[in-house]
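Heads up: the structure comes next, in structure tokens.
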Amino acid sequence: MDHASHGLRVQLASYNAGEQFDAPPVPDLTEWLIPTVSESRQSGYATSPRPARVANPVMERGPREAPDVYAVAFQEFAPLPHSLAGRTLSMVSRVDKEIRRAIRLHQSVVRDDNMYDPLEMGGGPENYVCVAQVSHAGLVLYVYVRERAGQSPAARRRPSAAQRVKEVRTAFVGTGLGSIMGNKGAVGVRIAMASLVQGAPDEVMTFVCAHLAAHDHEVSRRNKDWRQIVQRLVFEPEGVVPLPVLQTAESAPPSQHAPPPPDPLEPVEYSLYDTHHLFVMGDLNYRVDTGVQGVPRKENTQPPPPIDKKAVREVARSFDARRWASILPYDQLLREHTAGRTLQGLHLPDLASWAVPPTYKYKAGGEMLQLSQKRLPGWPDRLLWGSSDAARGSAAVACELYRSLLRYTASDHKPITAIVQLPWQLDRRSVFMRRPYEIDPQWRRWRIIGVVLDRIVGYLWSFLLLFGNGHLYLAFAELALLGLLSWYWLQGRWL
């Protein structure tokens, strides 16, 4: 039996929501979180019953089986004043419920007849448990694991992904204003899972949702943001979260008291690179360069000649997948990643081979294909992954699907998703991934200062918006008028 084809399947999903989660209702997330077999080719991707890139026996039965792990990441989740003030918990909870509702129906959504498989084949609604939910300012990351095992006979004899979870840690870091505030930064989840191989060490997966500095010319600032995330996104022992009670497990009646804090497996601080599998998702904000040569697609070949903004816009507006490949060599992330200046050790998927349309910048609330005139189109929203497998490295992680969803129009970004498959087991020589930067000894201090500033700015900003009926300029005008009247009153009182 080829065990390598039966590793955990992980779905990554990222969306810069454009601050739309300010109040109910939450949009339907089904199309984003459950890519179906029959999809419009206009969306930039159409699945097939058995993708050529992954020889997975699961796919031989027809529609795509539900993944074992979901990691769902948001950037610009809600308006920035509310996010900085920490006033988004109710909407974070509502979106969690909508995600659960969507992915629960996975099997019926991917089948043409919208029915479930027979019970003897593992059919029925899915049960996913949220093992971690972490938010900081406008960043939110949810991680769900599947409570039941896969549908293949071999998979059904093994423990499910949820049953393998041994420890979960969360962390966050701000890299925005002053390099510490939460308008930019990252949140992360680190999961230690029991190996399927008896006697083998635990397998660790780390998920990071990041939002880096904006604007075309801020490439070095984005590289700096990534370096600070590596140095200060630390999974400390105090960041261990309680493991949820599984629906399939026999458990005692719920207690009226809060459970005691869980003990860490090891009293050690971990970097985001202290892992076997690292997944990075988010609005990394790397844009398309103009006026410079492109990155050669192959070694020892001539770089593509410079391209101008007019050509970029023309190619993007064509929505022709064959032409998108012509502007990808000018992608800033490709250039910086190739030079080793950012996201070191991670695999950068080839967007040309997956025919992924530009994910930015569209007219928020406009038509599906309506690009904005304000910014150059590009691919700031990305999904990357890496593995410490001693034999194959990141090639040990196989990609089944990578696509964006054009039909979501509320934001100026498009949501993206990918499904990857992990190896059955790591090479026994495997250790954690190599850190490009060491942990900053002052990381905890900078985090505390950043949170305090976030709250001060967030509440002050919210007050000004309330005072100005939603307009900052009106608030400042009213404050100026109030100050002037107060000055006149004091002058008259003391003269």
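The values are calculated or read from the model by the stated rules, or taken from the named source; none is laboratory data. This structure is a prediction, so every number in the text was calculated from the model and none was measured. FYI the Cβ positions are ideal-geometry reconstructions off the backbone, even for glycines, and counts take in every protein chain you see. Please note that ligands, DNA and RNA were not included when accessible areas were found on the heavy atoms of the full protein model with its side chains. Shrake-Rupley method; radii C 1.70, N 1.55, O 1.52, S 1.80 Å.
Some observations on this one:
- Only one of the numbered conditions (1) at pLDDT below 50; (2) in contact with a Phe, Trp or Tyr (Cβ under 6 Å, 6 or more places away or on another chain); (3) of a type outside the set (A, V, I, L, M, F, W, C) is not met by residue 7, and that is (1).
- Residue in region 352-365 that is most open to solvent (accessible area, probe 1.4 Å), counting only those that are under 17 Å from residue 15 (Cα atoms) and not hydroxyl-bearing (Ser, Thr, Tyr): 363
- Scanning region 343-358 for residues that are in contact with a Lys or Arg (Cβ under 7 Å, 6 or more places away or on another chain) and modelled with pLDDT of 95 or more yields a total of 1.
- Which listed residue is assigned to a helix (DSSP H, G or I) and open to solvent by 10 Å² or more (accessible area, probe 1.4 Å), from 323, 341, 375: 323
- Some residue of region 409-427 being of a type outside the set (Phe, Trp, Tyr), without any contact (Cβ under 8 Å) to a residue 40 or more places away in the chain and assigned by the TED database to the domain that holds residue 319: yes
- Among (1) modelled with pLDDT under 95; (2) touching a strand residue (DSSP E or B) at 6+ places or on another chain (Cβ under 9 Å) - the single one residue 473 does not satisfy: (2)
- Single match in 155, 149, 171, 162 (criterion: open to solvent by less than 70 Å² (accessible area, probe 1.4 Å), under 20 Å from the mean Cα position of the chain (by Cα) and of a type outside the set (Asp, Glu)): 171
- Residue 222 being crowded, with 17+ Cβ neighbours inside 10 Å, modelled with pLDDT of 95 or more, under 14 Å from the mean Cα position of the chain (by Cα) and basic (Lys, Arg): no
- Flag for residue 462 being more than 26 Å from the chain's Cα centre (by Cα), at pLDDT below 95 and open to solvent by less than 50 Å² (accessible area, probe 1.4 Å): yes
- Among the candidates 83, 93, the residue that is crowded, with 16+ Cβ neighbours inside 10 Å, out of contact with any strand residue (DSSP E or B) (no Cβ under 7 Å at 6 or more places or on another chain) and among the polar types (S, T, N, Q) is uniquely 83.
- Single condition residue 334 does not satisfy, out of (1) open to solvent by 40 Å² or more (accessible area, probe 1.4 Å); (2) in contact with a Ser or Thr (Cβ under 8 Å, 6 or more places away or on another chain); (3) of a type in the set (A, V, I, L, M): (2)
- Some residue of region 240-260 being at pLDDT 95 or above and open to solvent by 50 Å² or more (accessible area, probe 1.4 Å): no
- Among the candidates 126, 120, residue that is modelled with pLDDT under 95 and in contact with a helix residue (DSSP H, G or I) (Cβ under 6 Å, 6 or more places away or on another chain): 126
- Candidates 98, 76, 19 - the one that is more than 26 Å from residue 148 (Cβ to Cβ) and modelled with pLDDT of 95 or more: 76
- Residue match in region 278-298 (condition: assigned to a helix (DSSP H, G or I) and within 18 Å of the chain's Cα centre (by Cα)): no
- For region 177-189, taking the residues that are open to solvent by less than 10 Å² (accessible area, probe 1.4 Å) and in contact with a helix residue (DSSP H, G or I) (Cβ under 8 Å, 6 or more places away or on another chain), the one that is farthest from residue 72 (Cα to Cα) is identified as 182.
- When residue 209 is tested against (1) open to solvent by 10 Å² or more (accessible area, probe 1.4 Å); (2) within 26 Å of residue 423 (Cβ to Cβ); (3) in contact with a Gly (Cβ under 7 Å, 6 or more places away or on another chain), only condition (1) is not met.
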